[in-house]
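*Asks:* This is the structure I have questions about; it appears just below.
The values are calculated or read from the model by the stated rules, or taken from the named source; none is laboratory data. These figures come from a predicted structure and were not determined experimentally. With ideal geometry, Cβ positions are generated from the backbone for all residues, glycine too; neighbour counts draw on all protein chains shown.
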Amino acid sequence: MQFKGIAINHGIAISEAMKLETIKIDTSRRTIDDPIEEVRRFRVAVHKSEEQLSRLIQSAKETFDEDTARIFEAQKMIAADIEANAMVENLINSEHVTATHAIDVVKDQYIARFEMIDDPYLRERISDIKDVTMRTLRNFLDQTIVDFASFKEHVIIVAEDINASEMVRIDPRYIRGIVLAKGGKTSHSAIIARLLGIPAVFGIKDVLSYVASGDTLVIDGSDGDVLVEPDQDVIDLYEAKILDLTSEISSLEVFRGEPTLTKDQTLVKLSANIQSESDLASVIDGDAEGIGLFRTEFLYVNRAQPPTEDEQMDAYVRVLKAMKEKPVVIRTIDIGGDKPLSYLSQPSESNPFLGKRALRLCYDHKEVFQTQLRALYRASVVGDMSIMFPMVTTLQDVLWAKDIAKGVMNDLAKEGITHKKDVPLGVMIEVPSSALIADVIARHVDFFSIGTNDLIQYTFAADRTNEDLSYLYQPLHPAILKLIRMVTDAALKHRIPVSVCGEMASDHLCAPMLLAFGVTSLSMVPSYILPMRKALHETDLNPIRKQLIDVVSSVSEEQVIEILTSIQEGEQS
């Protein structure tokens, strides 16, 4: 049996399936005959939850940091709460109801209390209450609770969905591939899968109905193919492909340390996108020429208060020192949308991706923005650093951010704190409005970086995490290319560099098109850099440049792909 899904990350994996069932627990009111036995089982479940959370605390300290460990410390306190557990036992004894119902009733009562509290940090504990409740319910019912970090056998995970916080627990030494019923090419889970270097295929809606744990799976993350219980001939074929891929990877070593030059001698810079400083090893292994996008959100999440200025500065300094003299572009905080923070007052929004996120949120929390800029300017003295502002939609956004940066530098100077005064300031072009006024914005910044994932999402008004709308992820659609062309023309006119840090940068059909437009740097997942360097070494941009008018005036993505494919085939013949 074969399925076709969305190709998320290249590579081939052959292994047994580990199917993660969608959890459904009946908490309806049902009576029981033996409340004493029900209470005993409930206490066993609570004890089991506490033990599991203790192990997670230790694992978080060893693998991540104290801040991450505090998440599970808070959950352990909830699991062991004497008052709450006494309320559950009282319900079981007095009303002879099941523990599952009693646990659910007490959970709702506690959530109702917390919803009346104004303090955003305490309100955030609602999510912890829900998590602990689910853990205790599953332990009561003897359901398996999966901890990805505990896997010690080679498996391919098959699930409806895995959120980003769970994805970071995956150990790629044992989890060889991921198949999801949900998810799209530019979802955060997809981004993490690529960072982990795990073959992945998402968006196969009915896969859970046809796969059982223990089934042999073959997944091809490049083509989006998933094969269930293939015969030995097919397995042999894919094992041969794995050998070819291994050989191909070895052949890339001749490009390590070399400049990225196209066949027509166009010099290109290939940089890396990173989520946190923990990705530095893969950046160095991938032979990146710099960091084109350093996402700083990891510093702000999973904690009860924002990071201090010194904490941030230390993190930035470590990255800059690790990269030595190579350039590092650090994006200021991009919180909001699907990444709310417990300690910031962020009212619920019906459409958070179109609401207060990134720079927009900084208007309301200027002190958080100023603290980050102070840390950045203080760190700037140890390396080649640039600062990039996300989610710019108007010229006023740019001028406001620059004014705050100027004020921060003035304050540092008054305090006698060393910092660079000429740190380049750039913006991400990721919404149509900023692309349309790129010529105006270019007069006020030192560089552009095009975030194609969001640019595509906002141009097509299609949620990039919705697999039902994956057909609207059309990076080579003329509408997208026209917007990119406007940005590159403005950059060329005002003599500022322009990079691309979205998925288009690592696509072998899209990248030459971007360079022909005038993009000077491509930033991608570190493992994609050497393959891209090799591909560009074999690519002549001149034939594409000659057909730019035809490409931009096309009526569909299919027509653009046809033109570009024809050019590539002409080069290879």
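*Asks:* Confirm whether Leu564 is outside any loop (DSSP other than H, G, I, E, B) and either at pLDDT 95 or above or not assigned by TED's automatic domain parsing to the domain that holds Ser278 (or both).
*Replies:* no
*Asks:* So, one more: Which residue out of Pro497, Pro531, Pro478 is surrounded by fewer than 24 Cβ atoms within 10 Å (Cβ to Cβ), under 15 Å from Gly292 (Cβ atoms) and assigned by TED's automatic domain parsing to the domain that holds Val431?
*Replies:* Being surrounded by fewer than 24 Cβ atoms within 10 Å (Cβ to Cβ), under 15 Å from Gly292 (Cβ atoms) and assigned by TED's automatic domain parsing to the domain that holds Val431 holds for just one of Pro497, Pro531, Pro478, which is Pro497.
*Asks:* For Glu415, are the conditions met, namely being at negative phi and free of Cβ contacts under 8 Å to residues at least 12 places away in the same chain?
*Replies:* yes
*Asks:* Let me ask another. Could you tell me how many of the residues in the range 459-471 are free of Cβ contacts under 8 Å to residues at least 60 places away in the same chain, under 20 Å from Asp507 (Cα atoms) and buried (at least 17 other Cβ atoms within 10 Å of the Cβ)?
*Replies:* Here the count works out to 2.
*Asks:* Let me ask something else. Tell me whether the range 297-307 contains one or more residues that are in the same structural domain as Asp384 (by TED's automatic domain parsing), within 19 Å of Leu196 (Cα to Cα) and not β-branched (Val, Ile, Thr).
*Replies:* yes
*Asks:* Report whether or not Ser222 is assigned to a loop (DSSP other than H, G, I, E, B), at pLDDT 90 or above, not basic (Lys, Arg) and not assigned by TED's automatic domain parsing to the domain that holds Arg545.
*Replies:* no
*Asks:* When you scan the range 279-289, do you find a residue that is of a type outside the set (A, V, I, L, M) and in contact with an Asp or Glu (Cβ under 6 Å, 6 or more places away or on another chain), even just one?
*Replies:* no
*Asks:* Could you run through the range 391-415 and say how many residues are part of a loop (DSSP other than H, G, I, E, B) and surrounded by 22 or more Cβ atoms within 10 Å (Cβ to Cβ)?
*Replies:* 2
*Asks:* In addition: Return yes or no: is Ser523 more than 17 Å from Lys263 (Cβ to Cβ), of a type in the set (Ser, Thr, Tyr) and surrounded by 17 or more Cβ atoms within 10 Å (Cβ to Cβ)?
*Replies:* So Ser523 passes the test.
*Asks:* Next question, about the same structure. Cβ contacts < 7 Å: first residue farther than 19 Å from Ser523 by Cα and not assigned by TED's automatic domain parsing to the domain that holds Gln312, restricted to the range 323-343; second residue buried (at least 20 other Cβ atoms within 10 Å of the Cβ) and at pLDDT 85 or above, any location; separation 6+ or different chain. Result?
*Replies:* Going by the 7 Å Cβ cut-off, there are no qualifying pairs.
*Asks:* In the range 429-452, what residues are within 14 Å of Pro390 (Cα to Cα), outside any strand (DSSP E or B) and of a type outside the set (Asp, Glu)?
*Replies:* Result: Val431, Pro432, Ser433, Ser434, Ala435, Ile441, Val445, Gly451, Thr452.
*Asks:* Follow-up question, since we're still on this one. Test Leu548 against the criterion of being modelled with pLDDT under 95, farther than 20 Å from Glu430 by Cβ and assigned by TED's automatic domain parsing to the domain that holds Lys263, and give yes or no.
*Replies:* Judged against the criteria, Leu548 is a match.
*Asks:* Could you tell me whether Ala159 is outside the structural domain of Arg113 (by TED's automatic domain parsing) and at pLDDT 75 or above?
*Replies:* yes
*Asks:* Okay, moving on. Need at least 2 residues that are of a type in the set (Gly, Ala, Ser) per element, so show me which helices (runs of 4 or more DSSP H) inside the range 476-552 make the cut, counting only ones lying wholly within it.
*Replies:* By residue number, 478-493, 510-517.
*Asks:* Among the residues of the range 549-573, how many are in contact (Cβ under 8 Å) with a residue 60 or more places away in the chain, of a type in the set (A, V, I, L, M) and surrounded by 12 or more Cβ atoms within 10 Å (Cβ to Cβ)?
*Replies:* Counting residues in the range 549-573 that are in contact (Cβ under 8 Å) with a residue 60 or more places away in the chain, of a type in the set (A, V, I, L, M) and surrounded by 12 or more Cβ atoms within 10 Å (Cβ to Cβ) gives 5.
*Asks:* What number of residues within the range 294-319 satisfy the criterion of being among the aromatic types (Phe, Trp, Tyr) and in a helix (DSSP H, G or I)?
*Replies:* 2
*Asks:* Another question, then. Right, Asp314: within 30 Å of Leu541 (Cβ to Cβ), at pLDDT 90 or above and of a type outside the set (S, T, N, Q) or not?
*Replies:* The answer is no for Asp314.
*Asks:* Mind checking whether some residue in the range 203-210 is in contact with a helix residue (DSSP H, G or I) (Cβ under 7 Å, 6 or more places away or on another chain), within 30 Å of Ser271 (Cβ to Cβ), touching a residue at least 40 places away in the same chain (Cβ under 8 Å) and assigned to a strand (DSSP E or B)?
*Replies:* no
Yes/no matrix, rows are residues, columns are (1) in a loop (DSSP other than H, G, I, E, B); (2) under 23 Å from the mean Cα position of the chain (by Cα); (3) not acidic (Asp, Glu):
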site	(1), (2), (3)
Leu227	no, no, yes
Pro230	yes, no, yes
Ile235	no, no, yes
Thr246	no, no, yes
Ile249	no, no, yes
Glu258	yes, no, no
Leu270	no, yes, yes
Asp287	yes, yes, no
Gly292	no, yes, yes
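*Asks:* Go through the residues of the range 23-40 one by one and say whether even a single one is closer than 30 Å to Val218 by Cβ, modelled with pLDDT under 90 and not small (Gly, Ala, Ser).
*Replies:* Yes, the range 23-40 has at least one match.
*Asks:* Do we have Val211 as buried (at least 16 other Cβ atoms within 10 Å of the Cβ) and modelled with pLDDT of 90 or more here?
*Replies:* In short, yes.
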